[in-house]
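Read through the structure below, which is laid out as structure tokens, and then see the notes.
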Amino acid sequence: MNQRLFTKSSQLNSENSQIKSAKKRKRVNKTIKETKNINAATTLTQNKNVSNSEYNDSSLHNNNKQTKVSQIKNILIKGLILIVFILIIFKLSSFFLKSQRYLDQLEVKAQVTVPVVLDIAEISFVTKSEGEDLPTLIQTEDQKMSLIQNYLQSVGIKEEDIYINRSFFSVSPSSGIFEFSTINSLQTFYRVVLRNLENNGLNNSLVTEIQKNLYEIGINRIDLVEFRSEKIDQICQDMLFRANQQAENRAIDMVQKLGKTTIVEKKFETVIDCEAENYSYFGTNNSNRNKIQNFNDLITNFPGQKQELKTVVKLSIKYY
């Protein structure tokens, strides 16, 4: 009986040992499996990291390559711009050097003449009264003014074409103990405009009559007769423009005939500006060609007040 109990106990111990061994192997297998999983995961992560690293290296390489290409393009563009700039400077330098060394000069003249009728005449004269009593002088000058205005209007001159101005001065001479009376002088200046002479005209009999009657009224001095035209401004401007244009066209034609092509400088000079043989439109400081000394010269020097105005222009050019 004791032997059977021992045998049974031994069997139980053997079974327990087997169970423990089985559990131990199970735990070992589980550990091995977990270790394999961990190793697999680690390997996968390493592979991913390697792939990411390779991708990043490839991207960095591409970026570096694009940057180098862009830098090369910029260098080429800047170099091309520099070359173009140098060529422009060279061309300009050549042009200026050529123009300075080989410029030729040429002068031409052009003349324009235009017939014109000087249809306006201006007559200027003066009356003067002197004395000690100023009110008397004023009364005398007023009487002369009234007579002159009435006469001029009677021969067809309008009131608005009669311009009147008056001046006054007094002198009180004295010498030592002697005293003299004050002398007053009153002068009246007249400027009379005769219009539309082309149709109405100034004939010799009318000139003589005007001269005679003005002196009978009491004028003291008659000045020069000046002729002009209301159209003269536009006429002279047109003549100057035409003369400049003709001179320029003539210069261009001569340059082309010489085989040249470029004009680099033009200088216009007016030699004669809207003048005739006995008429000058601009100023009379050095000439009385547009004024007549007395009425009797009117018909002789200005028959019908018709003149042929002349403008002459000189053009100087430089070319190559």
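The numbers here are math on the coordinates, done by the rules we state, and not lab data. Because the structure is a prediction, the values reported are computed rather than measured. Neighbour counts are summed over all protein chains in view; Cβ atoms, including those assigned to glycine, are modelled from backbone coordinates with ideal geometry.
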| field | ³J(HN,Hα), Karplus 6.51/-1.76/1.60, whole Hz, each residue of the range 220-231, x for Gly, Pro | value | 9, 7, 10, 8, 5, 8, 10, 10, 7, 9, 5, 8
| request: Hey, for a label at Lys267 modelled as a point 7 Å past Cα toward Cβ, could you say which residues of the range 229-247 have their backbone N under 13 Å away? | output: none
| For the range 68-77, in order, what is each residue's ³J(HN,Hα) by Karplus, 6.51 cos²θ - 1.76 cosθ + 1.60 with θ = phi - 60°, in whole Hz (x at glycine and Pro)? | 5, 4, 4, 4, 5, 4, 4, 5, 5, 5
| query | Of the listed peptides 161-171, 146-156, what is their order by residue-averaged count of other C-beta atoms within 10 Å, with the highest listed first? | reply | 146-156, 161-171
| request: Rank by packing, highest mean first: peptides 235-241, 313-319, with packing defined as the count of other Cβ atoms within 10 Å averaged across residues. | output: 313-319, 235-241
| request: For Leu309, list long-range residues whose amide hydrogen, built 1.01 Å from N in the peptide plane, is under 5 Å from its own amide hydrogen. | output: Val114, Val116
| task | Would you please give the FRET efficiency between Leu87 and Val117, computed as 1/(1 + (r/R0)^6) with r the Cβ-Cβ distance and R0 = 56 Å, to the nearest 0.05? | result | 0.35
| request: Lys and Arg at +1, Asp and Glu at -1: add these up for the other residues within a Cβ distance under 13 Å of Met239 and post the number. | output: -2
| said: Would any residue of the range 120-134 have its amide N under 11 Å from a label point 7 Å out along Cα→Cβ of Ser170? List them or say none. | reply: 132-134
